[in-house]
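Heads up: the structure comes next, in structure tokens.
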Amino acid sequence: MDNNTLVGLAGILASAAPVVFAAIGETITERAGITNLSINGLILLTAMAGFATSVTTGSLLLGFLVGALIGAFVSLIVAFSSIALKQSQVAVGFVLALMSRDLSYFLGNPYMGLSGPRVPSLPIPVLADIPVVGVLFFRQDILVYSSYILIAVAYIFVFKTRPGLMLQGIGEQPATAYVRGANVNRLRYIYTIIGGALVGLAGPMYSLSVKVGWKGTITGLDGIGWIALAITIFGGWNPLRAAFGAYLFVLLQWLGLVLQPSLPNIPSQVLQVAPFPLMILTLLLVNLGNSEWVDRTLAGLPEEVRRLIAKVLRAMRTTPPAALGIPFENE
Amino acid sequence: MNVELVHIHKSFGVVHANNDISISIKSGVIQGILGENGAGKSTLMKVLSGFIQADSGDILLDGKAVRINTPSDAIRHGIGMLHQDPLDFPPMKIVDNMLIGHDGGLFPNRREVSKSLKELQAQFGFNLDPETYVDSLTVGERQQLEILRLLWLGARVLILDEPTTGISASQKEKLFETLKKLAEQGMVIIFVSHKLEDVEGLCHKIAVFRQGSLVGETAPPYNTDNLVEMMFGKVISLDEKTRLENCEPAMEISNLSIEDNRIQIRNANLTVNCGEVIGLAGMEGSGQRQFLRALAGLMRPVGGDLRLSGKRLTGKPYHSFQDAGISYVPASRMEEGLIPGLSITEHFILSEDQSGFFIDREKAVTISRERINTFNIKGEPVTRVEALSGGNQQRALLAMLRTPLRLLLLEHPTRGLDIESSIWIWSQLKDRCKQKTCIVFISADLEEVLHYSDRILVFYNGKVSQPLDAAATTVDQLGQLIGGKGFQC
Ligand SMILES: Nc1ncnc2c1ncn2[C@@H]1O[C@H](COP(=O)(O)OP(=O)(O)OP(=O)(O)O)[C@@H](O)[C@H]1O
Ligand SMILES: [Mg+2]
């Protein structure tokens with residue numbers, strides 16, 4: 001593999017870090033049974049706020065802190081309105097998504113185009129010198145390392161720990177989880193806030209590292225949150241698969257850029273936008289097995305072929321937590 | 001452990017669901033609880049297991065008063081309850097399902113859990129693989145799993161609320177064996193059921209409830225007529241088996257093939273005559289449900305033909321089936337049959353063919369009062385359906401059916417209903433037959449299938465038997481067929 005490709009691939013890992021944070025944050029929230037639709041606006045708002053904070057104070061850390069706090073706060077509104085006020089999560093989340101986006105453009109005006117601090121690269125001694133692997137994984141900044149850690153920790157937490165099992169439980173069968181001793185609604189608050197804080201870190205990760213600065217409507221972050229929501233589904237509410245989805249998306253984006261010079265006939269906008277519909281298309285493909293007409297079409301095929309296809313489709317398809325979006329009341 | 005409930009009162013609004021109930025159960029006793037629908041049995045069990053709190057009264061365990069505010073309080077005191085619909089986590093593995101709600105460190109030791117599960121299973125002859133997923137188990141196995149889990153958590157009192165409705169005969173035998181063994185070990189078993197023969201065969205003593213009060217307790221030998229009289233305040237005799245003269249063929253099913261990702265039915269044939277009752281028997285998931293839903297127009301068959309009085313219905317949408325005079329009453333009353341949050345009146349309004357755009361409230365209320373009377377529903381026109389007891393929900397569903405009907409499809413028409421309601425419901429259904437409606441129904445209760453059907457189809461793993469004459473079939477024969485023995489198709 002030549003060095004350029006390697007650096008390019010390392011760049012994918014870096015630009016995917018915020019998508020990983022957003023998708024895993026949403027995965028955790030939805031595992032608890034709450035859909036937080038606000039994350040698209042949230043990423044914009046926290047990107048702007050994190051950047052503004054760091055520019056003003058000179059502290060990167062404060063920038064990220066503000067991002068996480070805003071993320072937690074907006075998500076608290078989603079949780080409160082759905083748990084305490086029993087309002088539609090879709091409606092509230094959607095309104096918050098639009099509002100946060102407009103708020104970021106409006107409040108971000110004074111910081112447009114300012115130059116600000118950037119998270120420094122931090123090669124890990126020894127590991128960074130391993131051929132190929134070193135360049136790929138270990139000459140990154142601390143955010144990328146955090147994204148590796150987040151993937152591992154989230155995966156282990158959800159599937160290997162006691163509280164993680166209960167998290168699955170409250171999203172799956174809250175009534176049963178309640179009987180088993182869970183304070184369902186309190187846990188839902190907690191996980192929505194944690195998930196929201198993770199999404200809130202994705203914003204500053206863009207504005208302080210991946211795409212440094214704030215450029216208002218042309219920042220190019222609008223839409224990332226929607227994709228993160230799609231990746232959550234693609235990932236089957238599994239942090240590992242969600243991370244894979246995030247990398248896939250960024251890879252598509254990168255391919256768009258790389259292929260642009262060799263495909264002069266295609267307008268550059270098409271290649272920039274293509275990853276979005278492609279991602280949605282993958283989502284549809286993955287869940288083909290859920291549709292009745294596929295079942296019926298398959299019925300006509302020979303037995304073995306059908307078995308095989310059905311097996312592949314079943315392995316790919318994902319089912320949401322059974323109680324996603326449904327408020328819980330104990331009698 | 002000895003359990004005592006002392007002067008328990010519990011009201012829901014104006015309904016006095018438990019009125020001064022006192023009952024005492026000694027260690028090692030299997031206590032049966034009988035009572036009509038809405039008598040307050042589940043309410044008392046929920047009080048004991050921490051789901052709801054009594055308005056007043058005490059719970060004494062080994063003579064000491066305890067406060068039980070939540071289900072997890074209850075299990076901490078050694079009281080575990082098995083619900084009618086298993087409360088578990090279907091998409092998870094058995095080990096994970098066991099672990100949720102189990103106290104301990106951050107990282108559970110799955111291997112140890114599997115080991116203790118296997119040890120527990122060995123005691124009772126259960127055979128569940130800890131690595132399989134809960135949703136691949138039958139209802140009976142999920143029940144076994146839940147019993148094991150409660151024992152593993154240290155339950156000394158086991159409450160079972162109508163545990164025998166969804167399970168096979170052999171699973172029931174095994175369950176009863178297990179319960180007897182547990183009682184011998186000094187546990188208290190509380191067994192709530194509508195099936196008199198189950199309660200009589202299993203329990204050391206029986207308490208009978210009626211309209212929120214404890215009518216009395218009896219010890220063996222039991223007298224069935226006496227128990228029924230205690231339950232309903234009057235003598236009820238089983239209805240005569242009636243057989244109507246069948247007339248011309250109504251529904252013709254030819255070479256019907258149905259398929260979904262669980263089951264395949266190939267080339268089923270049946271002609272239902274009008275006024276005839278066809279019972280579908282088989283273990284849960286053997287294809288009878290798919291068959292019924294195909295007749296209802298809710299599932300599209302992959303091959304074959306459906307004709308109602310010569311008119312071809314295959315491939316038509318659901319509402320064409322409805323317009324042709326076919327009605328379907330699903331088993332899950334609250335999910336598919338009724339709409340939670342709407343009142344009885346509103347349900348009647350929805351089920352009627354509406355001419356005007358606006359609702360004539362007054363007329364609707366008058367009509368629903370009439371129907372509530374004729375169908376003997378315990379409720380008011382404004383009562384929301386979810387507040388009705390199971391029997392009354394079923395009555396409401398039947399009250400909503402249109403007339404005239406050509407074909408009535410029913411899933412578990414009397415599941416969870418007391419004897420009086422069951423008999424009443426079937427008398428209504430037989431009345432429909434007299435008006436030439438034909439009935440196809442599914443039931444897990446073999447006695448019901450034999451007693452009320454004219455002919456029976458047995459399903460085994462997607463295979464369909466030839467129609468059997470109900471009058472010439474015994475429970476044993478039917479049981480064998482359901483288990484797949486001597487199955488030809
Ligand atoms: N959550 C509730 N809200 C209002 N009323 C209720 C509630 N739960 C029970 N009831 C009423 O209390 C009475 C007793 O109900 P309960 O469920 O204890 O009856 P049951 O003996 O278990 O009947 P079944 O045999 O039908 O299960 C019924 O009239 C029922 O309508
Ligand atoms: Mg009950």
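The values are calculated or read from the model by the stated rules, or taken from the named source; none is laboratory data. Computed from a predicted model, the values in this text were never measured in an experiment. With ideal geometry, Cβ positions are generated from the backbone for all residues, glycine too; neighbour counts draw on all protein chains shown.
Exactly one of these conditions fails for B:Asp85: (1) surrounded by fewer than 17 Cβ atoms within 10 Å (Cβ to Cβ); (2) closer than 29 Å to B:Leu202 by Cα; (3) more than 24 Å from the chain's Cα centre (by Cα). Give me its number.
(3)
Would you check which residues across region B:274-312 are closer than 11 Å to B:Leu256 by Cα, touching a residue at least 40 places away in the same chain (Cβ under 8 Å) and assigned to a loop (DSSP other than H, G, I, E, B) and list them?
Matches in region B:274-312: B:Pro301, B:Val302.
Do the conditions hold for A:Gly213, that is, is it on the phi > 0 side of the Ramachandran plot, within 14 Å of another protein chain (Cβ to nearest Cβ) and in a loop (DSSP other than H, G, I, E, B)?
no
Taking region B:456-466, which residues are out of contact with any helix residue (DSSP H, G or I) (no Cβ under 6 Å at 6 or more places or on another chain) and crowded, with 18+ Cβ neighbours inside 10 Å?
B:Leu457, B:Tyr460, B:Gly462, B:Lys463, B:Val464, B:Ser465
If B:Ser427 satisfies every condition in (1) away from ligand 2 (no atom under 16 Å from the Cβ); (2) among the small types (Gly, Ala, Ser); (3) touching a Gly at 6+ places or on another chain (Cβ under 8 Å) but one, which is the exception?
The failed condition is (3).
Looking only at region A:150-169, which residues are buried (at least 21 other Cβ atoms within 10 Å of the Cβ) and either polar (S, T, N, Q) or farther than 17 Å from B:Met98 by Cβ (or both)?
Selection gives A:Ala154, A:Val158, A:Gln168.
Considering only residues that are of a type in the set (Gly, Ala, Ser) and surrounded by 15 or more Cβ atoms within 10 Å (Cβ to Cβ), look in region B:304-335 and name the one that is farthest from the other protein chains (Cβ to nearest Cβ).
Checked region B:304-335; the qualifying residue farthest from the other protein chains (Cβ to nearest Cβ) is B:Gly325.
Within the set of pairs 6+ apart or on separate chains, which have a first residue in region B:31-45 that is within 14 Å of chain A (Cβ to nearest Cβ) and of a type in the set (A, V, I, L, M, F, W, C), a second that is outside any loop (DSSP other than H, G, I, E, B) and within 10 Å of ligand 2 (Cβ to nearest atom), and C-beta atoms under 7 Å apart?
Within 7 Å, the pairs are B:Met45/B:Asp161; B:Met45/B:Val192.
Of all residues in region B:385-428, which are away from every other protein chain (no Cβ under 14 Å), charged (D, E, K, R) and within 14 Å of ligand 1 (Cβ to nearest atom)?
B:Arg395, B:Arg415, B:Asp418, B:Glu420, listed by residue number.
Test B:Ile68 against the criterion of being within 14 Å of another protein chain (Cβ to nearest Cβ), in contact (Cβ under 8 Å) with a residue 24 or more places away in the chain and surrounded by 14 or more Cβ atoms within 10 Å (Cβ to Cβ), and give yes or no.
No, not satisfied.
Taking the stated definitions as given, is B:Lys485 over 21 Å from the mean Cα position of the chain (by Cα), assigned to a loop (DSSP other than H, G, I, E, B) and within 19 Å of B:Ile326 (Cα to Cα)?
No, not satisfied.
With the requirement that a residue be surrounded by fewer than 23 Cβ atoms within 10 Å (Cβ to Cβ) and either within 14 Å of chain A (Cβ to nearest Cβ) or near ligand 1 (Cβ under 8 Å from one of its atoms) (or both), what does region B:1-17 give you?
Answer for region B:1-17, where residues must be surrounded by fewer than 23 Cβ atoms within 10 Å (Cβ to Cβ) and either within 14 Å of chain A (Cβ to nearest Cβ) or near ligand 1 (Cβ under 8 Å from one of its atoms) (or both): B:Lys10, B:Phe12, B:Gly13, B:Val15.
If only one of B:Leu196, B:Leu175, B:Leu238, B:Leu158 is in contact with a Leu (Cβ under 7 Å, 6 or more places away or on another chain) and modelled with pLDDT under 95, which one is it?
Result of the check over B:Leu196, B:Leu175, B:Leu238, B:Leu158: B:Leu196.
Restricting to region A:207-218, what's the tally of residues that are touching a Ser or Thr at 6+ places or on another chain (Cβ under 8 Å) and closer than 27 Å to A:Leu281 by Cα?
Final tally of qualifying residues: 2.
What are the pairs, 6+ residues apart or on separate chains, where a residue within region B:194-211 that is within 15 Å of B:Lys180 (Cα to Cα) has its Cβ under 7 Å from a residue that is assigned to a loop (DSSP other than H, G, I, E, B) and within 16 Å of ligand 1 (Cβ to nearest atom)?
B:Asp198/B:Thr164; B:Val199/B:Ser193
From the list B:Leu151, B:Leu137, B:Leu128, B:Leu87, which one is within 14 Å of chain A (Cβ to nearest Cβ) and at pLDDT below 95?
B:Leu87 is the lone residue from the list that is within 14 Å of chain A (Cβ to nearest Cβ) and at pLDDT below 95.
Quick one: would you say B:Met187 is farther than 24 Å from B:Val157 by Cβ, crowded, with 18+ Cβ neighbours inside 10 Å and of a type outside the set (Phe, Trp, Tyr)?
No: the conditions fail for B:Met187.
Residue by residue through region B:161-172, note down the ones that are modelled with pLDDT under 80, within 16 Å of ligand 1 (Cβ to nearest atom) and surrounded by fewer than 22 Cβ atoms within 10 Å (Cβ to Cβ).
B:Thr165, B:Gly166
Being surrounded by fewer than 17 Cβ atoms within 10 Å (Cβ to Cβ), within 28 Å of B:Leu308 (Cβ to Cβ), more than 16 Å from ligand 2 (Cβ to nearest atom) and away from chain A (no Cβ under 14 Å) narrows it down to one residue among B:Gln435, B:Gln480; which is it?
Testing whether each residue is surrounded by fewer than 17 Cβ atoms within 10 Å (Cβ to Cβ), within 28 Å of B:Leu308 (Cβ to Cβ), more than 16 Å from ligand 2 (Cβ to nearest atom) and away from chain A (no Cβ under 14 Å) leaves just B:Gln435.
With the requirement that a residue be within 16 Å of ligand 2 (Cβ to nearest atom) and either under 24 Å from B:Gly483 (Cβ atoms) or not aromatic (Phe, Trp, Tyr) (or both), what does region B:162-195 give you?
B:Glu162, B:Pro163, B:Thr164, B:Thr165, B:Gly166, B:Ile190, B:Val192, B:Ser193, B:His194, B:Lys195
Restricting to region B:90-116, what's the tally of residues that are over 17 Å from B:Leu145 (Cβ atoms) and either more than 9 Å from chain A (Cβ to nearest Cβ) or in contact (Cβ under 8 Å) with a residue 40 or more places away in the chain (or both)?
Residues in region B:90-116 being over 17 Å from B:Leu145 (Cβ atoms) and either more than 9 Å from chain A (Cβ to nearest Cβ) or in contact (Cβ under 8 Å) with a residue 40 or more places away in the chain (or both): 3 in total.
Failed condition for A:Ser82, given (1) surrounded by 21 or more Cβ atoms within 10 Å (Cβ to Cβ); (2) in contact with a strand residue (DSSP E or B) (Cβ under 6 Å, 6 or more places away or on another chain), with all others met?
Checking A:Ser82 against (1) surrounded by 21 or more Cβ atoms within 10 Å (Cβ to Cβ); (2) in contact with a strand residue (DSSP E or B) (Cβ under 6 Å, 6 or more places away or on another chain), the one that fails is (2).
Just to confirm my filter: which helices (runs of 4 or more DSSP H) fall fully inside region B:35-125 and include at least 3 residues that are hydrophobic (A, V, I, L, M, F, W, C) and away from ligand 2 (no atom under 16 Å from the Cβ)?
Hits in region B:35-125: B:94-99, B:110-124.
Might you check whether a residue that is buried (at least 24 other Cβ atoms within 10 Å of the Cβ) and modelled with pLDDT of 95 or more occurs anywhere in region A:56-63?
yes
Taking B:Asp20 as meeting all but one of (1) in a loop (DSSP other than H, G, I, E, B); (2) over 23 Å from B:Gly140 (Cα atoms); (3) within 15 Å of ligand 1 (Cβ to nearest atom); (4) touching a residue at least 40 places away in the same chain (Cβ under 8 Å), write down the number of the exception.
Of (1) in a loop (DSSP other than H, G, I, E, B); (2) over 23 Å from B:Gly140 (Cα atoms); (3) within 15 Å of ligand 1 (Cβ to nearest atom); (4) touching a residue at least 40 places away in the same chain (Cβ under 8 Å), only one is false for B:Asp20: (1).
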